[in-house]
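A.B. asks: Input: one structure, supplied below.
The values are calculated or read from the model by the stated rules, or taken from the named source; none is laboratory data. Remember, it's a predicted structure, so these values are computed and weren't measured experimentally. Glycine gets a Cβ as well: all are built from the backbone with ideal geometry, and neighbour counts include every protein chain shown.
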């Protein structure tokens, strides 16, 4: 049985429809990211699961139990809040022991369990501190310990790493993933950072304007985005119109054409700059002729901007730009047919 | 559920309790009887005419207004430079200086009034408009200081530095850049100051005489000996003036202090 | 910025001189008078007169009792009302009206407010009439000239202070902290007692001390509602200065009242500063 089933959930705030018929299932022990730009409804969905809001329509079940109408304190799951929401008047130990105490544990028992959870997040020696005396990263760990101390089967995390600096965030991503595997509990992780989602998740649900656009693992979503939004939100994408030629084969169209059947994604790293213009396309390869418009190098990566057959395309290669590329040079891009992916919502 | 009902019950009762004396005074001022009656028996504005035609009231009203205006003006003159010094300069004893200027907010006014009477009697400053004025100035200055200080922010300092950088002298900068920014604080502080002075009894009572009396002290004296509906008419007038002042304040600076911050 | 000495003097010179002359020195004069005799010799007789006199103890006790009761009642009514205004009222216009209702009394003279209660609490006032009509009493209760009457007036005057302080503290409580509590399994009542109430304590304490300090130093309300039958400390101070003209003994009374209030105010500001950390 699935751990969590979200079934056709909608939520409106006044005239604004925050969530539109959203359905999603979470399996036990799974790490699922809800990924999308701000305002896409990801946090609303999380708050519906936690019980801080009720859905207008649809239902959420956990292990077969309908959660509708169940107040947050009766729901068998826990949350890590975006700003951590630590109790400012309680010490670290009391913050973490809060859950077990409410669950009826004795003071001693609750403290023992809290210490165990603090050990898990590496804060065993700071139990007497108060939240305001700690760094952002430490507060984050306290919030984590507090949320897992009751050993929930499902943990909700609302952009827990967004307040941390880049270096710490990278480290916490790895630690979080390890913690999740150790606990064996399912994580629903809200983020707007695609890299973060890619690093940690088993599956990613991409949200846009209150709808789930696509659910899948990182590779699927990157290689086979279902919609234009997903293609552009995850990684960089060249979008080109495609149509059928007389032989009924898919080909890239130059500019708008009535023969267009859809839009295809070309990832920059799949565009290869070749000095040679081979004869009529051989096998599964396709050539695009054009001119280099700009070249930029960032770190170990070079982006080459090429205007080819009516499209502005970007190709990417590792390493610095060689002597073979210069602005104004004629250039030919080579693409393998297999790397061309046609979107489901492509027709503009 | 029971708790929620109890909270609502207590709240409505408390709001009624807050409203009741004000309603009673406005109501009693309209009675046609010679004595105070609530609910009023019949409706008349004749007690208001009695008040207007009574030269003692008219004179006290004039004294109170002039006193409040003068004290407020002096308070602004004292508080604005003090606020500038506290916000912009570092000097030894700054904390003590601001504490000194703010402490009349919390000190018993009765003690201050007594002290001023005793001190004033030794230097010949007593039972005069000036004697009232210095006391009132002391109690209203902190109100202006308290509303102006929060407006002298760091961003504000950057604007002043920009002005200096563009060639304006300190005085020009004050009038062209600083003053427009702190004006809302001065206005709000001045309103609080005016009202504080206008309704004061505990301080004025030591230095007023039969010939030089403020409205509240006049009322205080009347209320202790005889009570007729004209006193209710004066009270009702001050209540309506207060409501008016509050609505103006609400529209200018916003009084919804209990709204939750996001 | 380190301004020149003259610029600084230009800014603080006048306020400092004014407050020294008409605030600091007068208070010092009162203090000096309180520890000297009419001939100018140092003495503590004025204070021992306060300390060893049964009548003063009686007056202090009444003042103190009124202060404690006023504070307790203000808290008992003020907390639910503050909660109602901050947490229950969702309609902005209504909350605005309520806040105006709270602030109007602060903008009207103590005289007017106490006078309203004189009218209400009289033998044939609205309160007695209503109680009789409802059948709760046969004969009118005497409120004026009793501690009960003064108490009603003091609570009335000081309630807005406590509602505004507690309301402010409640409005500052982070709602996500309460959600975290619910998320961890605490019922609404448990969340209130374990999270919300502890976080509002600084407001409760500083508001309570403020009300206590203001009620023990109140003069007008007790003077009007006591009808001369009940005496509180500020009334003694006033008598000495306005009719007896004994500045030495009056000074000792004034200083006693001042110190009493200042200690409480200092405690209140200490508490709110600790809470703000």
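A.B. asks: Quick test for you: out of A:161, A:157, pick the one residue that is touching a strand residue (DSSP E or B) at 6+ places or on another chain (Cβ under 7 Å) and either within 14 Å of another protein chain (Cβ to nearest Cβ) or more than 20 Å from residue A:29 (Cβ to Cβ) (or both). Don't jump to the end; show me each part of the working.
C.D. replies: Details: A:161 fails: touching a strand residue (DSSP E or B) at 6+ places or on another chain (Cβ under 7 Å).
None of the others qualify; the one that does is A:157.
A.B. asks: Would you pick out the residues in segment A:166-200 that are outside any helix (DSSP H, G or I) and surrounded by 15 or more Cβ atoms within 10 Å (Cβ to Cβ)? I'd like the intermediate steps shown before the answer.
C.D. replies: Of segment A:166-200, the ones outside any helix (DSSP H, G or I) are A:184-193.
Correct list: A:185, A:186, A:187, A:188, A:189, A:190, A:191, A:192, A:193.
A.B. asks: Here are B:20, B:30, B:69, B:43: which of them is more than 10 Å from chain C (Cβ to nearest Cβ), part of a helix (DSSP H, G or I) and more than 27 Å from residue C:268 (Cβ to Cβ)? Step through it out loud before you land on a result.
C.D. replies: Values: B:20 fails: more than 10 Å from chain C (Cβ to nearest Cβ); B:30 fails: part of a helix (DSSP H, G or I); B:43 fails: part of a helix (DSSP H, G or I).
Just a single option satisfies the conditions, and that option is B:69.
A.B. asks: Taking residue B:39 as meeting all but one of (1) surrounded by fewer than 21 Cβ atoms within 10 Å (Cβ to Cβ); (2) touching a residue at least 24 places away in the same chain (Cβ under 8 Å); (3) closer than 30 Å to residue C:127 by Cβ, write down the number of the exception.
C.D. replies: Exception for residue B:39: condition (2).
A.B. asks: Next up: Pull out all pairs, ordered by first then second residue, where Cβ-Cβ is under 7 Å, the residues are six or more apart or on different chains, the first lies in segment C:2-27 and is within 7 Å of another protein chain (Cβ to nearest Cβ), and the second is in a loop (DSSP other than H, G, I, E, B).
C.D. replies: So the pair list comes out as C:2/B:90; C:3/B:89; C:8/B:89; C:8/B:91.
A.B. asks: Hey, can you tell me all the residues within segment B:74-103 that are without any contact (Cβ under 8 Å) to a residue 60 or more places away in the chain, within 7 Å of chain C (Cβ to nearest Cβ) and surrounded by 15 or more Cβ atoms within 10 Å (Cβ to Cβ)? Give the derivation first.
C.D. replies: Start the filter on segment B:74-103 by keeping residues that are without any contact (Cβ under 8 Å) to a residue 60 or more places away in the chain, which leaves B:77, B:81, B:85, B:89-103.
Filter once more, keeping what is within 7 Å of chain C (Cβ to nearest Cβ): B:81, B:85, B:89-91, B:97, B:100-101.
Listed by number, the residues that qualify are B:81, B:85, B:89, B:91, B:97, B:100, B:101.
A.B. asks: Looking for whichever is more than 25 Å from the chain's Cα centre (by Cα), within 14 Å of another protein chain (Cβ to nearest Cβ), modelled with pLDDT of 90 or more and surrounded by fewer than 18 Cβ atoms within 10 Å (Cβ to Cβ) here; the options are A:71, A:100. Which one fits? If you could, list the steps in order and put the result at the bottom.
C.D. replies: On the way: A:100 fails: surrounded by fewer than 18 Cβ atoms within 10 Å (Cβ to Cβ).
Only one candidate qualifies: A:71.
A.B. asks: Which of the helices (runs of 4 or more DSSP H) found entirely inside segment C:184-258 contain at least 3 residues meeting this: surrounded by fewer than 20 Cβ atoms within 10 Å (Cβ to Cβ)?
C.D. replies: Values: elements: C:188-191, C:197-216, C:220-226, C:233-239.
In segment C:184-258, the matching helices (runs of 4 or more DSSP H) lie at C:188-191, C:197-216.
A.B. asks: Of all the residues that make up segment A:201-213, how many are surrounded by fewer than 22 Cβ atoms within 10 Å (Cβ to Cβ) and touching a strand residue (DSSP E or B) at 6+ places or on another chain (Cβ under 6 Å)? Working first, answer last.
C.D. replies: Filtering segment A:201-213 down to residues surrounded by fewer than 22 Cβ atoms within 10 Å (Cβ to Cβ) leaves A:202-203, A:208-209, A:211.
Going one step further and asking which of them are touching a strand residue (DSSP E or B) at 6+ places or on another chain (Cβ under 6 Å), we end up with A:202-203, A:211.
Result for segment A:201-213: 3.
A.B. asks: Let me ask you something else. Can you find a residue in segment A:231-246 that is in contact with a helix residue (DSSP H, G or I) (Cβ under 8 Å, 6 or more places away or on another chain) and either closer than 15 Å to residue A:40 by Cβ or at pLDDT 90 or above (or both)?
C.D. replies: Residues of segment A:231-246 that are in contact with a helix residue (DSSP H, G or I) (Cβ under 8 Å, 6 or more places away or on another chain), as a first pass: A:233-239.
Next, from what is left, pick out any that are either closer than 15 Å to residue A:40 by Cβ or at pLDDT 90 or above (or both): A:233-234.
Yes, there is a match, as at least one residue in segment A:231-246 is in contact with a helix residue (DSSP H, G or I) (Cβ under 8 Å, 6 or more places away or on another chain) and either closer than 15 Å to residue A:40 by Cβ or at pLDDT 90 or above (or both).
A.B. asks: Please state which one of C:119, C:88, C:112, C:104 is surrounded by 18 or more Cβ atoms within 10 Å (Cβ to Cβ), over 23 Å from residue B:195 (Cα atoms), within 7 Å of another protein chain (Cβ to nearest Cβ) and free of Cβ contacts under 8 Å to residues at least 12 places away in the same chain.
C.D. replies: Working: C:88 fails: surrounded by 18 or more Cβ atoms within 10 Å (Cβ to Cβ); C:112 fails: over 23 Å from residue B:195 (Cα atoms); C:104 fails: over 23 Å from residue B:195 (Cα atoms).
Criteria check complete, one pass: C:119.
A.B. asks: When the residues of segment B:159-177 are narrowed to those that are within 12 Å of chain C (Cβ to nearest Cβ) and in a helix (DSSP H, G or I), which ends up surrounded by the most Cβ atoms within 10 Å (Cβ to Cβ)? Reasoning before the result, please.
C.D. replies: Going residue by residue through segment B:159-177, those that are within 12 Å of chain C (Cβ to nearest Cβ) are B:160-161, B:164, B:169-171, B:174.
Of the ones still in play, those that are also in a helix (DSSP H, G or I) are B:160-161, B:164, B:170-171, B:174.
On the way: B:160: 20, B:161: 13, B:164: 14, B:170: 13, B:171: 8, B:174: 17.
For segment B:159-177, the residue satisfying everything is B:160.
A.B. asks: Kindly indicate the residue of segment C:67-83 that is within 20 Å of residue C:175 (Cβ to Cβ) and surrounded by fewer than 24 Cβ atoms within 10 Å (Cβ to Cβ) and also nearest to the other protein chains (Cβ to nearest Cβ) among those meeting that condition.
C.D. replies: C:80
A.B. asks: In addition: Output yes when any residue across segment C:50-66 is outside any loop (DSSP other than H, G, I, E, B), under 30 Å from residue B:249 (Cα atoms), free of Cβ contacts under 8 Å to residues at least 60 places away in the same chain and more than 24 Å from the chain's Cα centre (by Cα), and no when none is. Let's see the steps before the verdict.
C.D. replies: Going through segment C:50-66, the residues outside any loop (DSSP other than H, G, I, E, B) turn out to be C:50-51, C:54-66.
Keeping just the survivors that are under 30 Å from residue B:249 (Cα atoms) gives none.
Checked against the condition, which is being outside any loop (DSSP other than H, G, I, E, B), under 30 Å from residue B:249 (Cα atoms), free of Cβ contacts under 8 Å to residues at least 60 places away in the same chain and more than 24 Å from the chain's Cα centre (by Cα), segment C:50-66 yields no hits at all.
A.B. asks: Where the second residue is not in a helix (DSSP H, G or I) and the first is on the phi < 0 side of the Ramachandran plot and lies in segment A:107-120, which pairs have Cβ atoms under 7 Å and are six or more apart or on separate chains?
C.D. replies: A:113/A:105; A:113/A:149; A:114/A:149; A:115/A:127; A:117/A:149; A:118/A:127
A.B. asks: Going by the conditions given, is residue B:125 more than 7 Å from chain C (Cβ to nearest Cβ), touching a helix residue (DSSP H, G or I) at 6+ places or on another chain (Cβ under 9 Å), farther than 20 Å from residue B:184 by Cα and free of Cβ contacts under 8 Å to residues at least 24 places away in the same chain?
C.D. replies: Working: more than 7 Å from chain C (Cβ to nearest Cβ): yes; touching a helix residue (DSSP H, G or I) at 6+ places or on another chain (Cβ under 9 Å): yes; farther than 20 Å from residue B:184 by Cα: yes; free of Cβ contacts under 8 Å to residues at least 24 places away in the same chain: yes.
Yes: the conditions hold for residue B:125.
A.B. asks: Can I ask one more? Looking only at segment C:11-33, decide whether some residue is touching a helix residue (DSSP H, G or I) at 6+ places or on another chain (Cβ under 7 Å), surrounded by fewer than 19 Cβ atoms within 10 Å (Cβ to Cβ) and farther than 27 Å from residue B:197 by Cβ.
C.D. replies: Within segment C:11-33 (the criterion being touching a helix residue (DSSP H, G or I) at 6+ places or on another chain (Cβ under 7 Å), surrounded by fewer than 19 Cβ atoms within 10 Å (Cβ to Cβ) and farther than 27 Å from residue B:197 by Cβ), the answer is no, since none of the residues qualifies.
A.B. asks: Quick one: in segment A:142-165, of everything that is more than 25 Å from residue A:4 (Cβ to Cβ) and free of Cβ contacts under 8 Å to residues at least 40 places away in the same chain, which residue is surrounded by the fewest Cβ atoms within 10 Å (Cβ to Cβ)?
C.D. replies: To start, the set of residues in segment A:142-165 that are more than 25 Å from residue A:4 (Cβ to Cβ) comprises A:142, A:163-165.
Checking which are free of Cβ contacts under 8 Å to residues at least 40 places away in the same chain leaves us with A:164-165.
Numbers: A:164: 18, A:165: 10.
Step by step, filter segment A:142-165, then rank; the result is A:165.
A.B. asks: In segment B:105-122, which residue that is within 7 Å of chain C (Cβ to nearest Cβ) and not in a loop (DSSP other than H, G, I, E, B) is nearest to the chain's Cα centre (by Cα)?
C.D. replies: B:110
A.B. asks: Continuing with this model, one more query. Keeping to segment B:128-158, report how many residues are closer than 29 Å to residue B:180 by Cα, surrounded by fewer than 17 Cβ atoms within 10 Å (Cβ to Cβ) and either touching a strand residue (DSSP E or B) at 6+ places or on another chain (Cβ under 9 Å) or away from chain C (no Cβ under 11 Å) (or both).
C.D. replies: Going through segment B:128-158 one residue at a time, the tally reaches 6.
A.B. asks: All but one of (1) surrounded by fewer than 19 Cβ atoms within 10 Å (Cβ to Cβ); (2) in a helix (DSSP H, G or I); (3) over 18 Å from the mean Cα position of the chain (by Cα) hold for residue C:267; state the number of the condition that does not hold.
C.D. replies: For residue C:267, the failing item is (3).
A.B. asks: Let me ask something else. Got at least one residue in segment A:46-59 being out of contact with any helix residue (DSSP H, G or I) (no Cβ under 8 Å at 6 or more places or on another chain) and in a loop (DSSP other than H, G, I, E, B)?
C.D. replies: Looking only at segment A:46-59, we keep the residues that are out of contact with any helix residue (DSSP H, G or I) (no Cβ under 8 Å at 6 or more places or on another chain), and these are A:46-49, A:56-59.
Restricting the remaining residues to those that are in a loop (DSSP other than H, G, I, E, B) gives A:56.
Yes.
A.B. asks: Only one of C:177, C:134, C:163 is touching a residue at least 24 places away in the same chain (Cβ under 8 Å) and more than 24 Å from residue B:227 (Cα to Cα). Can you tell me which? Break it down stepwise before answering.
C.D. replies: Details: C:177 fails: touching a residue at least 24 places away in the same chain (Cβ under 8 Å); C:134 fails: touching a residue at least 24 places away in the same chain (Cβ under 8 Å).
Just a single option satisfies the conditions, and that option is C:163.
A.B. asks: Being surrounded by fewer than 21 Cβ atoms within 10 Å (Cβ to Cβ) and facing another protein chain (nearest Cβ under 7 Å), is that true of even one residue in segment C:43-64?
C.D. replies: For segment C:43-64, residues surrounded by fewer than 21 Cβ atoms within 10 Å (Cβ to Cβ) and facing another protein chain (nearest Cβ under 7 Å): absent.
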